[in-house]
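What follows is a short report on a single structure.
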Amino acid sequence: DQQVKQNSPSLSVQEGRISILNCDYTNSMFDYFLWYKKYPAEGPTFLISISSIKDKNEDGRFTVFLNKSAKHLSLHIVPSQPGDSAVYFCAASSFQGAQKLVFGQGTRLTINP
Amino acid sequence: GAVVSQHPSWVICKSGTSVKIECRSLDFQATTMFWYRQFPKQSLMLMATSNEGSKATYEQGVEKDKFLINHASLTLSTLTVTSAHPEDSSFYICSARGSYGYTFGSGTRLTVV
């Protein structure tokens, strides 16, 4: 049972444009969401997070939007830069219990010059 | 910022031998450590959650006698893959939760030949 889903395995965007990565979840107990960037053979690097009490969080070029009713979140990167090319994982957790992270399958983002 | 040091970064071992992977939180105390494994082009799958001084909690389908986890201090957790087999070849990543949130190690590429 995939509780966190990233339905797009890959995304290609032109440099300077907006990149939008999507993530859906099924577990209504999730109340904390994170986005990570990952290069091959390296651990994930934290990008941005959002708790369920908010619907938007912004940090520089990165903005995360949360739609609780749709159980959907998205990461917007604008403007996209070549260095943004990587695999992006969304993850979800609950402030209750073990607070373990459940990851989506990842989306490979390629920024074309 | 919070840093988690994971060693070794890669290891090749013979089938039937055991391999130990270490994760240290360098500048914070990690009350909880998580261990993940990632197969090529797949998501990070949580294997187990460990709290300092107590037994690890394993996810369904993960053999606790094969993947031994020790969390003897607030800064060190180890994962030992016992009697490794080629199907255990994977990328293993630890994550520590402290006041900063979740911090990931750089990962260990295990190849069993």
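The values are calculated or read from the model by the stated rules, or taken from the named source; none is laboratory data. As the structure is a computational prediction, the values presented were derived from the model and not from experiment. Every residue, glycine among them, receives a Cβ derived from its backbone with ideal geometry; neighbour counts consider all protein chains shown.
Just a few scattered comments:
- Of all residues in the range A:48-72 being within 14 Å of chain B (Cβ to nearest Cβ) and small (Gly, Ala, Ser), the one that is farthest from the chain's Cα centre (by Cα): A:51
- Assessment of the range B:93-105 against the conditions (touching a strand residue (DSSP E or B) at 6+ places or on another chain (Cβ under 9 Å), assigned to a loop (DSSP other than H, G, I, E, B), within 14 Å of chain A (Cβ to nearest Cβ) and closer than 17 Å to residue A:38 by Cα) yields at least one matching residue.
- The listed residue being farther than 24 Å from residue A:45 by Cβ, touching a residue at least 40 places away in the same chain (Cβ under 8 Å), polar (S, T, N, Q) and touching a strand residue (DSSP E or B) at 6+ places or on another chain (Cβ under 9 Å), out of B:54, B:18: B:18
- Filtered residue count, the range A:8-35, keeping only those that are touching a Phe, Trp or Tyr at 6+ places or on another chain (Cβ under 6 Å) and either polar (S, T, N, Q) or not in a strand (DSSP E or B) (or both): 1
- Residue match in the range B:38-48 (condition: surrounded by fewer than 18 Cβ atoms within 10 Å (Cβ to Cβ) and of a type in the set (Phe, Trp, Tyr)): yes
- Residue list for the range B:53-92, filter: at pLDDT below 90, within 14 Å of chain A (Cβ to nearest Cβ) and not in a strand (DSSP E or B): B:54, B:55
- Filtering the range A:37-47 to residues that are of a type in the set (Phe, Trp, Tyr) and either over 16 Å from residue B:37 (Cα atoms) or at the interface with chain B (Cβ under 7 Å from one of its Cβ atoms) (or both) leaves only A:46.
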